[in-house]
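Q: Sending over a structure as structure tokens; questions will come in a sec.
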Amino acid sequence: MRKKNFAVLASSVLAVAGLFSAPAAAQELTGEGLKPVATIAFSGTGELIDDLNFVGGLSGNPQLGAALEMSLRLLTGGRELATLDKSKPWGAVLLTDGQQFTVQGFLPLGDIDQLRQVLEPLEVDVEEPGEGRLVVSIEGQRLHLRPQEGWVFVGNVAEALDRLPDDPVALLEGLHKSYNLAVRVHVQNIPELYREYFLGALQMGIQAGAAPAESEPAAARNEIAQKAFQQLKESVADLDSVQLGLNLDQKTASLTLDYSITALPGTQTAARLASGRHLATRFAGFVVPDAAISFNAVGRIDDAACEQLLATVESFHEDVLKQLEQEDLTADERQAARQIVDGVAEVAAATLKQRDLDGGFSVILDERQATWVAGMRLANTGKLEEVARAVAAEIAKLRPDLADTVQFNAEQHASIRFHTLKVPVAELDNETAARLFGGELNVVLGVGEAAAYLCAGSNPADTLKKAIDNEDKSAQALPPLSLLISAGPIARFLARNADDETVRNQAAMIAQTLAGAEGKDRITLKTTIIDNGQQVRIEIEQGLLKLLGILPVLLGPGTPAAGN
């Protein structure tokens, strides 16, 4: 079993190494003609163990790193790589000559004989061709190992180890300093043959999933899919690099995952990725402090993307109209339904043609109720009001007793017209709704000259007014896109309101664990504009790291009742 486990581990390490990139300096590794495609950087076992102990300390298990060391010792038959320098990073590079690939990795091991001694009891085939080298056969794959001045290099081709760098750490381009684990891909160095193969396989998948073009809507959808593929093909041709990095920052007690993508300077893809650099949202007020969930996005769509989106809206519009023709409706009902569908499509198309998209929303939770508030840039808002009136008229026909639940122009705030909906919860016939909204569901639709707003929950008019008054406040401080999820309020809300008892118990346990997190219980996602590209950062705060200590209980076959 140890042999199999080690074989799987070693094969996986080299397989992963073959997916990532190295900087241009990697050409020194094997001579002229080779280009770096990918690199993987690992900051080292010492930092990993230290970080695991830190996370373990947060969750009540301060020996988490020591447990990992013990597991690795069992994997190697109880033998230790005593000359493994835990303070130095590991790395792997993938190089190409334009036709084939060679993989090379390196680890800070001072004595390759120690590695041989670890391998022998695992019944792994080991050859010693001389010059201190080893050849290890794992699951039919031959790996070549060569020591050099405190390092052991690993490759899939013996000749690739004939010329090695004096300092392999320089190949990592500092990735190991910023991240515990990082990978980088140089897209332009991937041979054209392989890029075309990938795109060809993707196109075949699109064609295989396409509907038979016997009907006009099906033909339109297929045309949209092909145009989207063509834009993807152009984007792949423009890409320069893709990078992913994972890091635990003990100073901030947070775990971060960074994803960045860049395109060649001067390309349409580079311009598209950087299009949000100078944009500021008008809806900062809808990112409510202390909300359980908040989101904002501001961006500009180019001509090609706008054309595709407009075609998608039109295709969907036609599909819905055809579906209406098949419904059992009277002539008046069909005409009213078509008026509503046409109006929604008209508003969507007009908004897309403006090119600028902007909006935000928040979900505000306390233990007893939820409030949802949102605002977005919208064109042809007068048509939106016509649609709302048409919907209200149809509801009144079907349920005359609910005709008075809708009030248009109930009030006005900052030139925004408020239209209200008040529905008795009894009409919803839903216990959860009764718990959330009490006796009445209150909704406010706000319509302005170039924006629309929606709020549902407790005191929606007051909540919406406050968000509108704060629309432009701190607009420059918000990134082009951000998402915040606060686990504490969600857990407390579910612990009281979830229908399922198990969910309530699990949520109560999470809420109790997060009680001392002092607000550091969030997952955040933010987009930053960088040169010729974008970076997306996901950050997990200290409180959520504490949840690692109760994962076995949460994932177990049963969850004890809250308080037990």
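Q: Identify all residues within segment 288-320 that are under 12 Å from Phe361 (Cα atoms), touching a helix residue (DSSP H, G or I) at 6+ places or on another chain (Cβ under 9 Å) and in a loop (DSSP other than H, G, I, E, B); write none if there are none.
A: Answer for segment 288-320, where residues must be under 12 Å from Phe361 (Cα atoms), touching a helix residue (DSSP H, G or I) at 6+ places or on another chain (Cβ under 9 Å) and in a loop (DSSP other than H, G, I, E, B): Val288, Ala291, Ala292.
Q: Is it the case that some residue within segment 52-60 is within 30 Å of Leu514 (Cα to Cα), in the same structural domain as Glu131 (by TED's automatic domain parsing) and touching a Pro at 6+ places or on another chain (Cβ under 8 Å)?
A: Yes: segment 52-60 contains one or more residues that are within 30 Å of Leu514 (Cα to Cα), in the same structural domain as Glu131 (by TED's automatic domain parsing) and touching a Pro at 6+ places or on another chain (Cβ under 8 Å).
Q: Taking the conditions exactly as written (among the hydrophobic types (A, V, I, L, M, F, W, C), in a helix (DSSP H, G or I) and farther than 21 Å from Ala451 by Cα), does Ala337 satisfy them or not?
A: So Ala337 passes the test.
Q: Moving on. Please specify each residue of segment 479-489 satisfying the condition of being under 18 Å from Ser254 (Cβ atoms) and either assigned to a helix (DSSP H, G or I) or modelled with pLDDT of 90 or more (or both).
A: Ser482, Leu483, Leu484, Ile485, Ser486, Ala487, Gly488
Q: Going residue by residue through segment 345-362, is there one that turns out to be out of contact with any Asp or Glu (no Cβ under 8 Å at 6 or more places or on another chain), under 16 Å from Leu454 (Cα atoms) and acidic (Asp, Glu)?
A: yes
Q: I'd like the full set of residues that are touching a Ser or Thr at 6+ places or on another chain (Cβ under 7 Å) and at negative phi, limited to segment 125-151.
A: Correct list: Asp125, Ile138, Gln141.
Q: Can you tell me which of Ala379, Ala370, Ala350 is touching a Ser or Thr at 6+ places or on another chain (Cβ under 6 Å) and in contact (Cβ under 8 Å) with a residue 24 or more places away in the chain?
A: Ala379
Q: Check whether at least one residue in segment 513-532 is of a type in the set (Gly, Ala, Ser), touching a helix residue (DSSP H, G or I) at 6+ places or on another chain (Cβ under 8 Å) and in a helix (DSSP H, G or I), and report yes or no.
A: No, segment 513-532 contains no residue that is of a type in the set (Gly, Ala, Ser), touching a helix residue (DSSP H, G or I) at 6+ places or on another chain (Cβ under 8 Å) and in a helix (DSSP H, G or I).
Q: So, one more: For segment 490-500, name all the residues that are more than 22 Å from the chain's Cα centre (by Cα), part of a helix (DSSP H, G or I) and touching a residue at least 60 places away in the same chain (Cβ under 8 Å).
A: Answer for segment 490-500, where residues must be more than 22 Å from the chain's Cα centre (by Cα), part of a helix (DSSP H, G or I) and touching a residue at least 60 places away in the same chain (Cβ under 8 Å): Arg492, Phe493, Ala495, Arg496, Asn497.
The values are calculated or read from the model by the stated rules, or taken from the named source; none is laboratory data. Everything quoted here is computed from the prediction, not taken from an experiment. Cβ atoms come from the backbone with ideal geometry, glycine included; neighbour counts cover every protein chain shown.
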